[in-house]
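Heads up: the structure comes next, in structure tokens.
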Amino acid sequence: MKTLFITTEAVVICVLSFCVLPAEAKLVPIAITAEVTEVSDSGPLKGRINVGDLITGVYVYDSSTLDSDPSENRGVYEQYAPSAGVTLTVGGFVFMTDPENVELNIHIYNDPPVIGGAHENYGFDSRNNLPLPNGRSVDLISLSLYNSSSVLNAISSDELPTTAPVLDDWGNASVTVRGGGGIRTGGTPFRVTGHLTSAVLIPEPATIILLGLGGLVLLRKKIA
């Protein structure tokens, strides 16, 4: 019992220590799912991703990041900290931001001028990503939500939100992964597009701590 007690206390301390950092950084982790609607593959994916497959993943950003775009209706929030990034899984592949070279840019376009087909927009681009196991590059992981200029009601400002987007408020919602290089440069490009079906804010660190402590208490009682 003594060994179990020490191990349990150590785990609790680790959990508490880990969760202090996200609270300071004001991290917003959002879990998403999508259904594959289009696949273009010249080889790197080996036919393992098909239309109708499920995409699951999460993206994380720091909501305290300042807007780097001075314009009134458009916000650009550049994320470079290792705690930020996106991870998507589908068909046995994992598409992930390079944690050692994060460049996740979140963009928000609110109340655009009703000219030239402008549209309300929210999304992100991850441009520094880990390569596939076969060495092929993953050049872009992106999310895009937008409404046409005739339906502008999903967002009220260009501020970085602290909640998950409400997909029903957007006319179009998709995720895209592409890479492999270009044919002209001898690459074997691929592209996967999916329609977003859910976006949910992951419980805050305090909730995770409570759930973790509850599980540890039950574990100790069961073994005792």
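Throughout, read-outs are computed from the coordinates displayed, never taken from laboratory work. Everything quoted here is computed from the prediction, not taken from an experiment. For neighbour counting, all protein chains shown are included, and Cβ atoms are generated from backbone atoms with ideal geometry for every residue, glycine included.
I need the calculated FRET efficiency for the pair residue 202 and residue 48, taking r as the beta carbon distance and R₀ as 22 Å, to the nearest 0.05. According to the calculation, E is roughly 0.20.
Our Cα-only numbers for region 33-130 put the radius of gyration and Dmax at 16.2, 45 Å.
For region 24-127, the list of GluC sites (Glu not before Pro) that fall in a loop by DSSP and count at most 16 other C-beta atoms within 10 angstrom reads 72, 100, 103.
Backbone geometry of region 60-72 corresponds, through the Karplus equation with coefficients 6.51, -1.76 and 1.60 at θ = phi - 60°, to 3J(HN,Hα) couplings of 10, 8, 9, 6, 8, 4, 7, 6, 8, 9, x, 5, 6 Hz, x marking Gly and Pro.
So how much slack lies between residue 156 and residue 137, counting 0.36 nm per residue of separation and subtracting their Cα-Cα distance, in nm?
Taking residue 156 through residue 137 to full extension adds about 3.2 nm, to one decimal.
Could you tell me the calculated FRET efficiency between residue 74 and residue 168, based on Cβ-Cβ distance and R0 = 35 angstrom, to the nearest 0.05? The pair residue 74/residue 168 has a calculated efficiency of 0.90. Volume of the convex hull of region 27-202 (Cα atoms only), normalised per residue: 125 Å³.
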